[in-house]
Each structure stands twice: as C-alpha cells, then as structure tokens.
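Reading through the structure tokens given below for one structure.
The values are calculated or read from the model by the stated rules, or taken from the named source; none is laboratory data. Everything numeric in this text was worked out from a predicted model, so none of it was measured. All Cβ positions, glycine included, derive from the backbone under ideal geometry; neighbour counts span all protein chains shown.
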Amino acid sequence: MGRKAKVGFTRDYYDKDGNFILDCPGFRSLEKIPDIERGIFAEMLPEVTPPQIEDYDIVVTRTFSRWTESSFVGNDRLLSLHRNGVGYDRIDVPALNKAGVLLCITPDAVRRPVAVAIITFILALSTRLFIKHQLTSEGRWSDVPKYNGYGLIGRTLGSLGVGNIGHEMFKLAKPFGMRHIAYDPYLKPEDVSDVDVKLVDMDTVLSESDFLNISCPLNEKTRHLVGERELKKMKPTAFLINTARGPIIDEAVLVKALRERWIQGAALDVFEQEPTPPDNPLLKLDNVIVTAHAMVFTDHFLNNVWEIIAGQITQLINGEMPGGVVNREVWDQPKFQSRLKRFLEQMKS
C-alpha cells in the first residue's frame with residue numbers, strides 16, 4: 001500500500017485555539033476520502049513561504065496570506081491550490097503557472113449565495129430597513145414616516161460585470177420589474193439575453209443606475225475602478241453595492257461621496273483593508289450597511305464548497321483534471337505531468 005496524499009490547510013482556517021472555523025456537515029466529505037492525510041500550517045504569515053508547503057501535495061487556502069513567486073522556490077511536490085470561493089487576487093497566477101501548480105476555485109458554490117446577498121442589500125437599501133430598525137428600537141415611531149423607502153418597479157439595476165455572480169443576481173431580480181443594464185467588455189448581448197440585460201458603456205451604467213452592483217474580479221485593471229469621477233457620475237439618489245473586492249472602489253473617495261451625499265447610500269461586504277480598522281469612517285456613517293466579508297457564509301455555501309473541494313481532490317488522486325481549474329494550461333506542462341505521475345506512483349506503490 002502506497003502513501004496517502006498530504007493535504008495542507010492554511011492557518012486562517014483555524015482560530016487561535018486551533019479550532020476549525022468553517023466546520024459543517026459538508027466538511028465530512030473530506031474526512032471520508034480514505035487516501036488523504038490532513039495537516040495545518042503552523043502559522044499565518046503575510047506571504048506563504050517554501051517551508052510551509054514543502055510537505056504537501058495539495059493545499060486548501062483562504063485569502064489572508066499572499067502566494068507569490070517566492071512561495072514556490074525549490075518546490076517540486078505541490079500539485080494544486082484550492083480556494084473556497086472564486087476570488088484569487090492574493091494569488092500570483094503567473095507564478096503558479098511557472099511553478100507548475102494548478103489553481104482550483106468553487107464558482108458553483110458561490111454563485112447563488114452571493115447573488116442572494118446582493119438582492120438582500122438591494123431590498124434592505126430600498127426599504128431603508130436599518131434606519132427603520134434603529135428608529136423603532138429607540139421608540140421613535142413618529143420619526144419613521146420621514147424615511148420612506150423606494151419601490152423597485154421601473155428602477156434601473158446596473159452592474160459592473162455580469163459573470164457567474166452578476167448573471168445570477170439579474171436572474172433573481174427579474175420578478176422585481178426593474179430595468180437591467182450592465183458594463184462587461186468580455187460579453188456579447190446574447191450572453192445576457194436570458195436575464196434581459198442591456199450591455200452599455202461604463203458611463204451609462206454609472207449615470208443611469210438606481211442600484212449599482214459591482215461583480216467584477218480585482219486585478220490591476222479594476223483596482224480603484226470606481227473613484228471620484230465615477231462616483232460623481234452616479235445619481236445623487238443612487239445606491240452602490242459591493243460584494244466583490246474592496247479595492248475595486250477608492251474607499252477614501254467613497255467616504256467623501258457618502259458624507260457629501262454624491263450618492264444616497266451604499267451596502268458593503270468588502271473593504272480595502274480586511275479586517276477593516278475599527279476607526280474606518282464607513283463604520284460610522286448612517287447611509288451605509290456594512291458586513292464583514294461574510295454574506296456568502298450560509299449553510300448551503302459551506303456544505304457545497306467542501307463537497308466541491310473534496311471532489312476536486314478525489315479527481316486529482318484519480319489522475320483526472322479537477323473541476324474549477326483556473327489555469328488549465330498547467331495540466332499539460334511536462335513539469336506538472338511528471339510531478340503528477342510521481343505522485344500517483346507513490347500512492348499506488
């Protein structure tokens with residue numbers, strides 16, 4: 001009988017007492033794989049180092065530590081990284097390609113929970129839910145009529161990006177009777193015809209949206225995609241929603257925009273720095289809903305994500321290309337195939 005596959009988990013999956021923080025029934029899917037042995041990184045560093053990964057065939061990683069070219073120096077064992085989500089802005093994919101390591105994500109687990117989160121924000125903003133909650137809690141019933149909500153029929157829902165999550169958001173929004181527009185330079189009109197989305201230029205989305213959603217990845221092209229020029233293009237009655245990545249918006253400018261009412265309000269699940277400092281002005285404003293990059297975490301999401309990752313690992317152990325691979329070109333690299341062949345032989349010997 002050969003050796004087992006060694007699967008490492010980055011330290012950010014565990015609290016200071018060593019307890020796994022994302023446990024759920026779906027995690028049993030990993031425990032049921034007979035041919036793996038799990039390990040934990042001893043510490044969480046700003047950047048993953050070669051010694052941290054040298055004993056692992058596979059690593060499951062969150063988003064707090066960066067993976068750079070330096071992380072893979074001298075490594076000829078690691079086969080794959082697995083992310084419990086879709087964002088991988090902290091992972092240097094070209095470095096991963098150079099090192100011959102696969103990157104696997106879980107878009108099928110994220111699609112519906114994040115889309116639901118966006119819809120939740122739209123409804124909370126449009127009904128002015130949190131203001132009414134606060135006034136009612138304080139016994140200020142006579143002040144509630146000053147804060148009427150906004151009906152959705154005929155309003156414009158816009159999005160920067162209509163990928164996996166954006167498409168699902170528009171699908172869920174269809175019964176609300178809103179007009180759908182979006183900017184996505186990678187799509188054709190027929191790609192979004194099923195959700196009645198009109199593709200337009202970015203300035204049109206900014207200027208015409210009553211609710212502007214951000215559903216694009218963070219990269220060098222999208223960092224601070226929304227800054228002063230963009231926020232000033234928006235309607236003073238508009239709401240901004242971001243569940244993607246904080247740095248897509250220039251946060252300092254957003255604070256100014258909300259304070260000076262360039263826009264009416266915002267709902268944010270993400271920040272430029274995470275965890276965001278307790279003195280962040282966004283946490284004190286009365287026209288912002290804030291959550292701690294946690295809206296996706298439902299029982300369905302957690303169960304699905306671990307079942308998907310367990311399936312990816314099982315596929316790899318069977319010598320098959322896993323689902324959800326970002327850098328598929330790595331699979332055919334002689335470097336990767338040689339490493340995979342050695343791994344499979346060791347598992348069987």
Task: Output for the range 239-269, where each listed residue is of a type in the set (D, E, K, R) and in contact (Cβ under 8 Å) with a residue 40 or more places away in the chain - done: ARG245, ASP269
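Kindly indicate whether any position in the range 81-93 is surrounded by 13 or more Cβ atoms within 10 Å (Cβ to Cβ), more than 20 Å from the chain's Cα centre (by Cα) and within 30 Å of ILE248 (Cβ to Cβ). Explain how you work it out, then say what you get.
Of the range 81-93, the ones surrounded by 13 or more Cβ atoms within 10 Å (Cβ to Cβ) are 81-93.
Filter once more, keeping what is more than 20 Å from the chain's Cα centre (by Cα): none.
Within the range 81-93 (the criterion being surrounded by 13 or more Cβ atoms within 10 Å (Cβ to Cβ), more than 20 Å from the chain's Cα centre (by Cα) and within 30 Å of ILE248 (Cβ to Cβ)), the answer is no, since none of the residues qualifies.
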Open item on the list: I'd like to check something: does the range 83-95 contain any residue that is in the same structural domain as GLU320 (by TED's automatic domain parsing) and on the phi > 0 side of the Ramachandran plot?
Closed with: yes
Task: Exclusive hit being on the phi > 0 side of the Ramachandran plot and touching a residue at least 60 places away in the same chain (Cβ under 8 Å), set GLY154, GLY177, GLY161, GLY139 - done: GLY161
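With respect to LYS132, is the statement that it is of a type outside the set (Gly, Ala, Ser) and at pLDDT 95 or above true?
On the way: of a type outside the set (Gly, Ala, Ser): yes; at pLDDT 95 or above: yes.
Against the criterion (of a type outside the set (Gly, Ala, Ser) and at pLDDT 95 or above), LYS132 qualifies.
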Task: From GLU307, GLU320, residue being of a type in the set (D, E, K, R), touching a helix residue (DSSP H, G or I) at 6+ places or on another chain (Cβ under 7 Å) and either in contact (Cβ under 8 Å) with a residue 40 or more places away in the chain or over 21 Å from ASP12 (Cα atoms) (or both) - done: GLU307
TODO: Residues that are among the aliphatic types (A, V, I, L, M): find the strands (runs of 3 or more DSSP E) completely inside the range 29-127 holding 2 or more of those.
DONE: 36-40, 58-61, 102-104
Task: All positions within the range 1-29 that are within 20 Å of VAL48 (Cβ to Cβ), loosely packed, with under 12 Cβ neighbours inside 10 Å and aliphatic (A, V, I, L, M) - done: ILE21
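Test GLY319 against the stated conditions and say whether it is on the phi < 0 side of the Ramachandran plot and among the small types (Gly, Ala, Ser).
For GLY319, the condition - on the phi < 0 side of the Ramachandran plot and among the small types (Gly, Ala, Ser) - is not met.
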Open item on the list: Quick check on the range 303-341: of everything there that is of a type in the set (A, V, I, L, M) and not in a helix (DSSP H, G or I), which residue is farthest from the chain's Cα centre (by Cα)?
Closed with: MET321
- [ ] Please list, ordered by first then second residue, the pairs with beta carbon atoms under 7 Å, 6 or more apart or interchain, first in the range 81-106 and acidic (Asp, Glu), second in a strand (DSSP E or B).
- [x] ASP92/TRP67
Open item on the list: Of everything in the range 58-67, what is buried (at least 16 other Cβ atoms within 10 Å of the Cβ) and either in contact with a Lys or Arg (Cβ under 6 Å, 6 or more places away or on another chain) or modelled with pLDDT of 95 or more (or both)? Give them in sequence order.
Closed with: ILE58, VAL59, VAL60, THR61, THR63, TRP67
TODO: State all residues of the range 1-21 that are in contact with a helix residue (DSSP H, G or I) (Cβ under 6 Å, 6 or more places away or on another chain), assigned to a loop (DSSP other than H, G, I, E, B) and at pLDDT 90 or above; if no residue qualifies, say none.
DONE: ARG3
Open item on the list: Based on this model, can you work out whether VAL116 counts as closer than 30 Å to GLY323 by Cβ and outside the structural domain of ILE313 (by TED's automatic domain parsing)?
Closed with: yes
- [ ] Looking at (1) touching a strand residue (DSSP E or B) at 6+ places or on another chain (Cβ under 9 Å); (2) at pLDDT 95 or above, find the lone condition where GLY100 falls short.
- [x] (1)
- [ ] Check off (1) among the hydrophobic types (A, V, I, L, M, F, W, C); (2) surrounded by fewer than 20 Cβ atoms within 10 Å (Cβ to Cβ); (3) not assigned by TED's automatic domain parsing to the domain that holds THR120 for LEU283 and give me the number that stays unchecked.
- [x] (3)
